[in-house]
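> There's a structure below that I have some questions on.
The values are calculated or read from the model by the stated rules, or taken from the named source; none is laboratory data. Everything numeric in this text was worked out from a predicted model, so none of it was measured. Using ideal geometry, Cβ is built from the backbone for each residue, glycine included, and neighbour counts are taken over all protein chains shown.
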Amino acid sequence: MDVLIVESEAGLAELWRCHLCRQGAAVTVALSEQAAVRILQERAIDVIVLDLVLEGGSAFAVADFASYRQPSARVVFVTNTSFFSDGSIFQHIPNACAFLPSGMPPEDLAAVVDHYGEAGAVGGVAAAPKAG
């Protein structure tokens with residue numbers, strides 16, 4: 001499973017990356033919208049862990065681009081704010097599958113990512129298998 005973490009706080013992104021790698025995921029980190037878009041142009045991604053409030057750009061722009069460029073990529077939003085706590089984000093972002101607090105235990109985040117990555121693969125909506 002290929003995972004893209006889009007998080008402005010490098011330390012938090014690294015913590016999540018380590019936990020996801022332990023579960024066997026191939027993880028790439030982007031610290032800004034621009035970096036995330038570049039990665040989405042270059043390689044197939046199964047799950048995107050996306051901070052709702054990016055210091056370097058717009059999380060909505062990243063999710064929108066992913067929806068266009070890689071419609072099978074699932075987006076797990078994380079945030080430390082109360083924006084969209086009513087669940088309305090799922091009405092705005094078609095590829096959103098979860099909305100979680102950024103302070104949740106990293107092993108729980110890894111389990112959610114694994115679930116949606118596997119669900120996509122089983123349901124036939126994940127990116128096509130890579131040649132190799």
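> Could you please find all residues in the stretch 17-50 being surrounded by fewer than 16 Cβ atoms within 10 Å (Cβ to Cβ) and charged (D, E, K, R)?
If the condition is that a residue be surrounded by fewer than 16 Cβ atoms within 10 Å (Cβ to Cβ) and charged (D, E, K, R), then 22, 38, 42, 43 are the ones that fit.
> In the stretch 6-16, is there at least one residue being crowded, with 20+ Cβ neighbours inside 10 Å, modelled with pLDDT of 95 or more and assigned to a strand (DSSP E or B)?
There is at least one residue in the stretch 6-16 that is crowded, with 20+ Cβ neighbours inside 10 Å, modelled with pLDDT of 95 or more and assigned to a strand (DSSP E or B).
> While we're on this one: Kindly indicate which of 126, 44 is at pLDDT below 80 and within 16 Å of residue 2 (Cβ to Cβ).
Values: 44 fails: at pLDDT below 80.
So the residue among 126, 44 that is at pLDDT below 80 and within 16 Å of residue 2 (Cβ to Cβ) is 126.
> Scanning the stretch 51-76 for residues that are charged (D, E, K, R) and outside any helix (DSSP H, G or I), which turns out surrounded by the most Cβ atoms within 10 Å (Cβ to Cβ)?
Residues of the stretch 51-76 charged (D, E, K, R): 51, 55, 64, 69, 74.
With outside any helix (DSSP H, G or I) added as a condition, the list becomes 51, 55, 74.
Values: 51: 22, 55: 11, 74: 24.
Here the residue is 74.
> Just wondering, is there one or more residues in the stretch 94-103 that are in a helix (DSSP H, G or I) and touching a residue at least 12 places away in the same chain (Cβ under 8 Å)? Full working, then the answer.
Pass one, the stretch 94-103, residues in a helix (DSSP H, G or I): none.
No, the stretch 94-103 has no match at all.
> Sticking with this one: Here is a list of conditions, (1) modelled with pLDDT of 85 or more; (2) surrounded by 19 or more Cβ atoms within 10 Å (Cβ to Cβ), and residue 93 meets all of them except one; can you say which number that is?
If we test residue 93 against (1) modelled with pLDDT of 85 or more; (2) surrounded by 19 or more Cβ atoms within 10 Å (Cβ to Cβ), just (1) comes out false.
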